[in-house]
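Notes to accompany the following structure.
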Amino acid sequence: MTDLSVLFLFSFRSLLRLDILVWVAGVPLLIFAAIVLYSQFRTYRRLKGEVEQLDKMKLHSVEYDLVLKAMKLAVWRIDVATRTITMEADYRDDSDSFSPPPGISLEELSKYLLPEYRELLLHSASDLLEGRLEMTHLQYQFKLPYTDKTYWSEVFATVDKRDLEGRPISVVGTVMRIDQQKSAERALMDALYHAEESDRLKSAFLANISHEIRTPLNAIVGFSDVLSSVEDATERQELLQLIHQNNNRLLRLFDDVVSMAKLEAQGDGAVKKSTFSLKEVMQQLVDKYQDSAVASDVPLSIDESEALPRLTTDRDRLREILNQYVNNALKFTTQGQVTMGCSSRGDVWRIWVKDTGIGIPEERCNEQLFERFVKLDEFSSGTGLGLSICRSLAKTIGGTVGLESREGKGSTFWVELKKESS
């Protein structure tokens, strides 16, 4: 074999060994590179997924906070093992809402509730913490520390996490202020009560009005029928007097009904102010009731121990108020007297009618007495509208009404008017 052939064969074998060496060294490198690339790809996908998850969590957190703000809720969590509660977020808009310190015990928190709600809170919490309930809902009144102020709260709570045996580990819940809701509920209940009471009183009024009309009407008709056959002058005069009294009673009845109907139909109406002497108005009432006062032996007089002022207000409405007061006073006074007068009380004039009649029990001396169809004695004559008419008339002229009374000692009914308007 020539030298050239030997050299070629040697070169070929060298190249062949080099190729094998490249393959032996390169394949692991390729495999390693592939593994690195795959690992990088998986890491990229994982990071991308985590970023997307973070974005979703961030969006969820924004929505969560928005719901809490919109509902004005506070969120809290109870650790079952320690029975402690921690407020996590508070979006209640009332600055005086109480936020307990972190880690406060349920027993300590319950001390801030009104006594009647403490056991309810602890009982409901125990049912949740011990797994007897999945969810609870209650309302309670909370007392602010170091003050006498209270407010209403509404709580929803549910089990958040459980251990492998199904026992609660943590409880979450929300609390919100419901003062407006409770106020609305009270207003509705008051309106319902007044509607039912008004309906009851109207029914009693309708049942009673026929008797109130029939009694004086029967007297008028009956005495008129026998009047022509009575020859004795004294007896005839007595019958005429009875007819006159029952006629006034019947007119009084219709006047009350018509007055109340006008007030309901016209509302406040137009106030016709004028300046007049209060003494003149009182004297007109003395003249009007002179006959009935003489017949009952109960004089009606004017007390001028304090000078009676000149007033600027609606004369007719004030006169009607005093007229109702005097009529009631004479009705319920059998001995003594009825007196009208006026006294200065700061920036108001108190115009009053005082009697020595049967008086009113202390527990009945309140605003309810001035409601429509209310009567102290259901068996007494009258519609139960007089004092209600007084209150309505006083309101239209910017005044207020009231009374002072002692049972068996007489009563004083009054109307107060501001001096600026008089």
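For the Cα trace of the stretch 131-203, dividing Rg by the Kirkwood Rh returns an Rg/Rh value of 1.26.
So what is log10(I(q)/I(0)) for the stretch 307-347 at q = 0.16, 0.27, 0.34 1/Å, when the Debye sum runs over its Cα atoms only? One equal scatterer on each Cα of the stretch 307-347 leads to -0.55, -1.04, -1.16.
Rolled with a 1.4 Å probe across the full set of protein chains, the surface gives residue 123 an accessible area near 110 Å².
In this structure, the amide hydrogen of residue 337, modeled 1.01 Å from its nitrogen in the peptide plane, lies closer than 5 angstrom to those of 356, counting only residues at least 5 positions away or on a different chain.
The values are calculated or read from the model by the stated rules, or taken from the named source; none is laboratory data. Model, not experiment: these values are computed from the prediction. The accessibility values were calculated without ligands, DNA or RNA, using every heavy atom of the protein model including side chains. Shrake-Rupley method; radii C 1.70, N 1.55, O 1.52, S 1.80 Å.
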